[in-house]
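The values are calculated or read from the model by the stated rules, or taken from the named source; none is laboratory data. This one's a predicted model, so the numbers in the text were calculated from it and none came from an experiment. Reconstructed Cβ throughout: ideal geometry from the backbone, glycine too, with neighbour counts over all protein chains shown. Ligands, DNA and RNA are excluded from the accessible area calculation, which covers all protein heavy atoms including side chains. Shrake-Rupley method; radii C 1.70, N 1.55, O 1.52, S 1.80 Å.
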Amino acid sequence: MTELEVKNRFPEFENELIKEMLNVSSMREYAAGDYIIQSGQYFKQSMLVYDGIVKLYREGSEGNEFYLYHLKAGEPCALSMSCAIRQERSEVIAKSVTDSTLIFVPAAHTEKWMTTYPGWNRFILDSYRRRFEEMLETIDQISFRALDERLEFYLKRQREIFGSDTIIISHQQIADELNSSREVISRLLKKMEQRGWLQLHRNQINLMKNFK
């Protein structure tokens, strides 16, 4: 990883920050489906996504998932930073959705750079704001929306995250993230297909242009 590559991915970072990051951080690669953070794990480093997509979620006592948000290339994991700085156990699970490359920064530098580099400070604060807004949206969907509206919102968010009208996902995965059953999700998806909003295939959903 070169200074130019980091600058292209994180354009708000100062040149001196990039040099220091390359000296103290480590880079790791994960395959799709790999776990990055487990619930209850101590996490002593802050995590930035250099390439790929990572999903964060909580897991209930019965194994059901509660989806939080996705991280894309160029974004930090605000929760990992909080756990690292405060030396607390993680209460969430992070899983690589695609093949991913992550940058890990020691907690001491994560905190020090907040006062040393304005670019890092803005980067972290903007991340916290985006995550908070996304979580408010998720809470709003759960609390005030019917399941069909939540499913519509979910599919549009997947299109935005992956940058594609083709979503590789099973009905069971959607049910897990929306805390519903596969049968209910399949029925709602079938209704959307009948309306001409999407096309269903095995473990794949193609969203149509009129699905806005």
(request) Filter the stretch 118-148 for residues that are at pLDDT below 85 and small (G, A, S) and give the result. (result) S143
(request) Among the residues of the stretch 68-110, write down those that are of a type in the set (A, V, I, L, M, F, W, C) and within 20 Å of E133 (Cβ to Cβ). (result) L68, L71, A73, C77, A78, L79, M81, V92, A94
(request) Hand me the list of helices (runs of 4 or more DSSP H) wholly inside the stretch 101-212 holding 1 or more residues that are farther than 25 Å from F66 by Cβ. (result) 107-116, 118-144, 182-194
(message) Would you confirm whether or not the stretch 66-81 contains a residue that is in a loop (DSSP other than H, G, I, E, B) and polar (S, T, N, Q)?
(response) no
(message) Condition first: among the β-branched types (V, I, T) and either in contact with a Cys (Cβ under 8 Å, 6 or more places away or on another chain) or under 19 Å from H201 (Cβ atoms) (or both). Now tell me which residues in the stretch 140-174 satisfy that.
(response) T166, I167, I168, I169, I174
(request) Return yes when E149 is closer than 30 Å to M81 by Cβ and of a type outside the set (G, A, S) and no when it is not. (result) no
(message) Please go through the stretch 36-59 and give me each residue that is among the aromatic types (F, W, Y) and at pLDDT 95 or above, ordered by number.
(response) Y50
(request) Might you let me know whether the stretch 161-170 holds any residue that is open to solvent by less than 20 Å² (accessible area, probe 1.4 Å), of a type outside the set (A, V, I, L, M, F, W, C) and under 27 Å from G74 (Cβ atoms)? (result) no
(message) Based on this model, can you work out whether Y30 counts as open to solvent by 30 Å² or more (accessible area, probe 1.4 Å), in contact (Cβ under 8 Å) with a residue 24 or more places away in the chain and of a type in the set (S, T, Y)?
(response) yes
(request) Being of a type in the set (V, I, T) and open to solvent by less than 60 Å² (accessible area, probe 1.4 Å) is the filter here, so list the residues in the stretch 44-88 that pass it. (result) V49, I53, V54
(message) Which numbered condition in (1) open to solvent by 70 Å² or more (accessible area, probe 1.4 Å); (2) over 23 Å from G33 (Cβ atoms); (3) touching a residue at least 40 places away in the same chain (Cβ under 8 Å) is the only one that G119 fails?
(response) (1)
(message) Given the options E137, E177, name the one that is buried (at least 17 other Cβ atoms within 10 Å of the Cβ) and more than 16 Å from L207 (Cβ to Cβ).
(response) E177
